[in-house]
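Undergrad: Please read through the structure below; I'll follow up with questions.
The values are calculated or read from the model by the stated rules, or taken from the named source; none is laboratory data. Nothing here was measured: the structure is a model prediction, and the numbers come from that model. Reconstructed Cβ throughout: ideal geometry from the backbone, glycine too, with neighbour counts over all protein chains shown.
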Amino acid sequence: MALPTMAPQRITYSPAFTLVPTYECFNRCTYCNFRQEIGQASWLSIDQATQILKSLQGKETIEILILSGEVHPQSRHRSTWVDHSFHIAQLALEYGFLPHTNIGPLSRLEMEKLRTVNVSMGLMLEQLTPTLLDTVHRHAPSKDPHLRLGQLEQAGALGIPFTTGLLLGLGETAQDWQDTLGAIAASFHRWGHIQEVILQPYRSGQTQLAPLPDFPLDQLPQVVAIARSILPAEITIQIPPNLVNHPGILLDCLAAGARDLGGIVPQDHVNPDYDHAPLSILKQLLANQGWQLQPRFPVYTPWKFQFSQEVQDRLDTWYQPISPDQA
Ligand SMILES: O=c1nc2n(C[C@H](O)[C@H](O)[C@H](O)CO)c3cc(O)ccc3cc-2c(=O)[nH]1
Ligand SMILES: C[C@H]1O[C@@H](n2cnc3c(N)ncnc32)[C@H](O)[C@@H]1O
Ligand code: SF4
């Protein structure tokens, strides 16, 4: 008798493109390969953004990921920076894409403004332990864990679909992983807004202020298993395949409960030294183990959230109405 064949399990990714309002950043996270010194980088102009968005139309891109260096909350340039990020997201919507913004911690008013032009937003919690404020985050006020946890709460109170995550390998302990994951789970239980948690292994690059040893990739499947046991089932665990560039470990992470590969982008601006493998290679690798790689939107359950009319109209163009004979 033939054994019943298992239907292939779905693994998702987001066909994305990253736009960077500015690489200038007032923080100095010692591991960052993205930031540039203030006054040394030009900002992305609206004209440049328009050209890029036009060139992406009609291809596979769905999500425009807006990642930025940060302007100090008390700087007189702060509102210019927030407004600029707003206009880039608005432009992305106009050109037919679904924007997701992660530009650092925001005041309530700033978050309320940006939500009107984003389908989801994000901020990595990194790690909850305050000890990192004496080491890698000594000169990064935005990485205060209380400030960042407050952002999860603020996004929850505002009902914004949210992505967060852990940066692994900063000098934290296994207990710190559990504490950070526990705090994310607690915020989700209060508000129900966290859709995915990224487990991002630190990988060194060419331009960080102070290199750290790489996070030992062979420990990642164990971290995925811990995360799966702490996080509610509604939260998807995401791992970046360009940083987890060892096929056996990538598959072990899926076996341990990771179900998403995040934004697959032509160029990862945060980790410019780690290109993504071609999609066809990833698809085949996963298919060999009975996993089916499929694109997804940057918001998982849009019917659970309220959006601005502008965002809702754009979402409606992507979500095909279900016809009565399909229902
Ligand atoms: O390609 C990347 N996408 C990154 N993404 C995007 C992510 O992979 C997903 O595409 C989006 O969250 C959409 O759901 C982030 C999103 C966040 O909210 C916070 C941090 C990151 C970090 C990265 C990153 O380093 N590289
Ligand atoms: C956008 C997110 O990218 C992550 N990030 C910043 N620098 C690195 C690096 N060298 N390796 C991996 N992730 C990094 C941080 O977690 C930040 O919040
Ligand atoms: S990780 Fe973000 S906050 Fe830290 S220096 Fe880089 S751009 Fe700035």
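Undergrad: Considering only residues that are in contact (Cβ under 8 Å) with a residue 40 or more places away in the chain, part of a loop (DSSP other than H, G, I, E, B) and of a type in the set (Val, Ile, Thr), which ones fall in region 5-22?
TA: Within region 5-22, 20, 22 qualify.
Undergrad: Restricting to region 107-124, count the residues that are buried (at least 20 other Cβ atoms within 10 Å of the Cβ) and within 10 Å of ligand 1 (Cβ to nearest atom).
TA: Within region 107-124, residues that are buried (at least 20 other Cβ atoms within 10 Å of the Cβ) and within 10 Å of ligand 1 (Cβ to nearest atom) number 5.
Undergrad: OK, next. Looking at region 244-261, is at least one residue within 23 Å of residue 162 (Cα to Cα) and within 16 Å of ligand 3 (Cβ to nearest atom)?
TA: No, there is no match, as no residue in region 244-261 is within 23 Å of residue 162 (Cα to Cα) and within 16 Å of ligand 3 (Cβ to nearest atom).
Undergrad: OK, next. With 69, 104, 96, 58 as the choices, which residue is within 16 Å of ligand 1 (Cβ to nearest atom), part of a loop (DSSP other than H, G, I, E, B) and at positive phi?
TA: 104
Undergrad: Kindly indicate which of 269, 276 is within 16 Å of ligand 3 (Cβ to nearest atom) and of a type outside the set (Lys, Arg).
TA: Selected residue: 269, the only one of 269, 276 that is within 16 Å of ligand 3 (Cβ to nearest atom) and of a type outside the set (Lys, Arg).
Undergrad: Related question: Are there any pairs with C-beta distances below 6 angstrom linking a residue in region 23-39 that is without any contact (Cβ under 8 Å) to a residue 24 or more places away in the chain to a residue that is in a strand (DSSP E or B), with the two at least 6 apart or on different chains, and if so which?
TA: Hits for this filter: 38/24.
Undergrad: Being aliphatic (A, V, I, L, M), over 17 Å from residue 70 (Cα atoms) and away from ligand 2 (no atom under 15 Å from the Cβ) is the filter here, so list the residues in region 82-132 that pass it.
TA: Scanning region 82-132 gives 91, 92, 93, 98, 117, 119.
Undergrad: Further, regarding this structure: Between residues in region 283-294 that are within 17 Å of residue 239 (Cα to Cα) and residues that are at pLDDT below 95 and loosely packed, with under 12 Cβ neighbours inside 10 Å, which pairs lie under 8 Å by C-beta distance while being six or more apart or on different chains?
TA: Note: no pairs meet the criteria.
Undergrad: Specify the residue that is farthest from ligand 2 (Cβ to nearest atom); the eligible residues are those in region 220-245 that are touching a residue at least 40 places away in the same chain (Cβ under 8 Å) and either over 19 Å from residue 294 (Cα atoms) or among the basic types (Lys, Arg) (or both).
TA: The qualifying residue farthest from ligand 2 (Cβ to nearest atom) is 232.
Undergrad: Further question: Please verify whether region 143-153 includes one or more residues that are of a type in the set (S, T, N, Q) and either part of a loop (DSSP other than H, G, I, E, B) or farther than 27 Å from residue 307 by Cα (or both).
TA: no
Undergrad: What is the one condition in (1) within 14 Å of ligand 2 (Cβ to nearest atom); (2) of a type in the set (Ser, Thr, Tyr); (3) farther than 18 Å from residue 169 by Cα that residue 274 does not satisfy?
TA: All conditions are met except number (3).
Undergrad: Could you please find all residues in region 113-143 being away from ligand 3 (no atom under 11 Å from the Cβ) and under 19 Å from the mean Cα position of the chain (by Cα)?
TA: Selection gives 114, 115, 116, 117, 118, 119, 120, 121, 122, 125, 127, 128.
Undergrad: Report yes if some residue within region 196-206 is more than 16 Å from ligand 3 (Cβ to nearest atom) and over 17 Å from the mean Cα position of the chain (by Cα); otherwise report no.
TA: No, because not a single residue in region 196-206 is more than 16 Å from ligand 3 (Cβ to nearest atom) and over 17 Å from the mean Cα position of the chain (by Cα).
Undergrad: Does any residue of region 203-218 turn out to be surrounded by 19 or more Cβ atoms within 10 Å (Cβ to Cβ), more than 11 Å from ligand 2 (Cβ to nearest atom) and modelled with pLDDT of 95 or more?
TA: Checking region 203-218: at least one residue is surrounded by 19 or more Cβ atoms within 10 Å (Cβ to Cβ), more than 11 Å from ligand 2 (Cβ to nearest atom) and modelled with pLDDT of 95 or more.
Undergrad: Do we find a residue being modelled with pLDDT under 95 and of a type in the set (A, V, I, L, M, F, W, C) anywhere in region 77-99?
TA: No: region 77-99 contains no residue that is modelled with pLDDT under 95 and of a type in the set (A, V, I, L, M, F, W, C).
Undergrad: Can I ask one more? Determine if region 52-68 includes at least one residue that is touching a Lys or Arg at 6+ places or on another chain (Cβ under 8 Å) and either polar (S, T, N, Q) or over 22 Å from residue 239 (Cα atoms) (or both).
TA: Looking for residues that are touching a Lys or Arg at 6+ places or on another chain (Cβ under 8 Å) and either polar (S, T, N, Q) or over 22 Å from residue 239 (Cα atoms) (or both), one finds none in region 52-68, hence no.
Undergrad: Let me confirm something: among 169, 165, which residue is within 18 Å of residue 67 (Cα to Cα) and within 15 Å of ligand 1 (Cβ to nearest atom)?
TA: On inspection, the qualifying residue turns out to be 165.
Undergrad: Now for a separate question. Go through region 99-109 and give me each residue that's under 19 Å from the mean Cα position of the chain (by Cα) and not polar (S, T, N, Q).
TA: Passing the criteria: 99, 100, 103, 104, 105, 106.
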